[in-house]
Number of protein chains: 2
Amino acid sequence: MGHRAEPEHTHPDDVPVQAVFAALADPVRLGIVRELAGSPEWERACGSFDVPVGKAALSHHFAVLRSAGLIEQRDDGAKRVNRLRRAELEARFPGLLDLAVIG
Amino acid sequence: MGHRAEPEHTHPDDVPVQAVFAALADPVRLGIVRELAGSPEWERACGSFDVPVGKAALSHHFAVLRSAGLIEQRDDGAKRVNRLRRAELEARFPGLLDLAVIG
């Protein structure tokens, strides 16, 4: 596998709530967040989500989720794996993740 | 003043959280919600908000806020006045309004 850039992250503390709303306003991104909420941390590779979009669009959606402080990613061999930033989000926006997952 | 159609409303109970996120993802709409949160009910006319958009765009933004269950409107003489659906929203999406206003 070739080199690829490390994913850039933004901590929830540095994210305005409007950006989180925008990230969660999209059905694909909301679906990813909901799937991650039901999965152990670092277990879901980017390719493992059942989404109706192509690779380039999916890559964009993950970038939006990172920049809104919702997810963290790291490379694990050939895979890029994900975790929901549950604790950090809960500290910054109490209750928001539950609303997104249940609502 | 001519006749105009009564505004159509959607109750928060009938709104998926994704639609609320979409409504609050826009800076003009988030600004209106924040101003309403600081105003007594039915006191703010549509023309009283300090927003950088024209009349048609503003009318669209109010329609989005109504259909997301965020606001209620009624005509009061020549004015259309607004209230935030605070109690209904709190019952359906606990804590969300506070996050939007503070965040």
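The values are calculated or read from the model by the stated rules, or taken from the named source; none is laboratory data. For clarity, every value in this text was computed on a predicted model and none was experimentally measured. Backbone-built Cβ (ideal geometry, glycine too); neighbour counts: all protein chains shown.
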Contacts under 7 angstrom Cβ, first residue in the range A:81-103 being more than 7 Å from chain B (Cβ to nearest Cβ), partner modelled with pLDDT under 95 and crowded, with 16+ Cβ neighbours inside 10 Å, 6 or more apart: none
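Table: residues versus (1) touching an Asp or Glu at 6+ places or on another chain (Cβ under 6 Å); (2) within 30 Å of A:VAL28 (Cβ to Cβ); (3) of a type in the set (D, E, K, R).
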residue: B:ALA5; (1), (2), (3): no, no, no
residue: B:HIS11; (1), (2), (3): no, yes, no
residue: B:ALA19; (1), (2), (3): no, yes, no
residue: B:PRO27; (1), (2), (3): no, yes, no
residue: B:GLY38; (1), (2), (3): no, no, no
residue: B:ASP50; (1), (2), (3): no, no, yes
residue: B:SER59; (1), (2), (3): no, yes, no
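Scan the range A:1-37 for residues that are without any contact (Cβ under 8 Å) to a residue 24 or more places away in the chain and either away from chain B (no Cβ under 11 Å) or not aliphatic (A, V, I, L, M) (or both) and jot them down.
Our first condition is that a residue be without any contact (Cβ under 8 Å) to a residue 24 or more places away in the chain; within the range A:1-37, this holds for A:2-3, A:5, A:16, A:18, A:21, A:25, A:27, A:31, A:35.
Of everything in the range A:1-37, those that are without any contact (Cβ under 8 Å) to a residue 24 or more places away in the chain and either away from chain B (no Cβ under 11 Å) or not aliphatic (A, V, I, L, M) (or both) turn out to be A:GLY2, A:HIS3, A:ALA5, A:PRO16, A:GLN18, A:PHE21, A:PRO27, A:GLY31, A:GLU35.
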Helices (runs of 4 or more DSSP H) within chain A that include 2 or more residues surrounded by 16 or more Cβ atoms within 10 Å (Cβ to Cβ), within 13 Å of the chain's Cα centre (by Cα) and not charged (D, E, K, R): A:17-24, A:27-37, A:55-67, A:96-102
